Amino acid sequence: MIQFLNSNAGAVTALATIALLIVTGWYAWTTRALLREAEKTRLMAGEPRVVAYLRVHEVHTNMVQLCVANLSGAAAAGVTASIERITEWPLRFDLENSKLLRDLKFLRPDEVLRFDLGSGPDLFRGDEAAVFRAHIAFESLDGRKFTFDDTLKIESVTGHGNWRIYGIDDVARMLKDIADTLKSVTGIQRLKVDTFNGADRQEERRLRNEQRERFKGAQQQPGPDPTSTSADPPKA
């Protein structure tokens with residue numbers, strides 16, 4: 001074996017050099033990939049992601065709200081948004097050309113802004129739901145510019161079966177439930193709360209009497225005669 005290596009030293013050295021070059025090249029490629037991943041992660045960490053979507057109002061279930069949210073941990077600056085109708089309804093649409101959306105300016109990380117879009121009856125025409133298109137322009141704190149542009153459909157949020165319109169009968173029933181609840185609370189004529197028993201009251205009364213007697217005794221003790229002085233001559 002040693003004789004073979006000695007007779008083929010040049011070839012062995014060449015093979016070892018090629019293997020070393022391959023390993024070095026693999027390490028260089030891996031290091032470059034790690035650097036690119038670290039750079040991409042750093043850029044994404046400072047990249048805001050502002051989107052628009054629709055949600056049902058948390059209290060009024062027959063209303064839809066437009067939500068403008070920053071889904072990133074980085075702040076967004078220069079935020080300006082707009083929304084327009086693709087369908088001809090709703091006839092009354094206050095958010096179109098709205099200054100509130102146009103002058104958002106800044107969104108904190110994970111901040112969500114909600115705007116009332118419309119109520120259920122106005123957002124439907126027969127079986128067809130209204131469709132909107134939202135556009136948002138914003139930039140990161142280092143000046144990179146981004147945009148969001150997408151279609152927002154009412155039916156994708158709630159469907160046709162989730163709307164509930166409250167009538168006079170529903171309101172009257174709710175008021176009756178509130179009145180019954182208040183009546184059950186006010187029906188309690190007396191709250192029996194006793195934090196002291198009889199022995200505790202007697203002990204408290206005794207301590208108060210002792211304090212009162214000590215105070216009276218201190219007030220009745222005669223004080224020194226202010227007219228007498230230590231310089232008076234002794235009596236014969």
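The values are calculated or read from the model by the stated rules, or taken from the named source; none is laboratory data. This is a predicted model, so every value here is computed, not measured. All Cβ positions, glycine included, derive from the backbone under ideal geometry; neighbour counts span all protein chains shown. In case anyone asks, the SASA skips ligands and DNA or RNA and just uses the protein heavy atoms, side chains included. Shrake-Rupley method; radii C 1.70, N 1.55, O 1.52, S 1.80 Å.
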Qualifying residue in the range 37-44 (condition: among the hydrophobic types (A, V, I, L, M, F, W, C), in a helix (DSSP H, G or I) and either farther than 20 Å from Phe148 by Cα or touching a helix residue (DSSP H, G or I) at 6+ places or on another chain (Cβ under 6 Å) (or both)): yes
Hits in the range 124-151 (condition: under 14 Å from Trp89 (Cα atoms) and either in contact with a strand residue (DSSP E or B) (Cβ under 6 Å, 6 or more places away or on another chain) or part of a strand (DSSP E or B) (or both)): Phe124, Arg125, Glu128, Ala129, Val131, Phe132, Arg133
Val64 in a strand (DSSP E or B), farther than 30 Å from Asp170 by Cα, open to solvent by less than 90 Å² (accessible area, probe 1.4 Å) and modelled with pLDDT of 85 or more: no
Filter result (within 19 Å of the chain's Cα centre (by Cα) and not in a strand (DSSP E or B)) within the range 89-116: Leu104, Arg108, Pro109, Asp110, Glu111
Residue in the range 36-51 that is under 29 Å from Gly120 (Cβ atoms) and of a type in the set (A, V, I, L, M, F, W, C) present: yes
Answer from Arg114, Arg108, Arg85, Arg92 - the residue that is in contact with a Cys (Cβ under 8 Å, 6 or more places away or on another chain) and open to solvent by 70 Å² or more (accessible area, probe 1.4 Å): Arg114
Test for Ala52: is it surrounded by 10 or more Cβ atoms within 10 Å (Cβ to Cβ), in contact (Cβ under 8 Å) with a residue 12 or more places away in the chain, out of contact with any Asp or Glu (no Cβ under 6 Å at 6 or more places or on another chain) and small (Gly, Ala, Ser): yes
Ile86, sole failed condition from (1) at pLDDT 85 or above; (2) within 25 Å of the chain's Cα centre (by Cα); (3) under 24 Å from Asp127 (Cα atoms): (2)
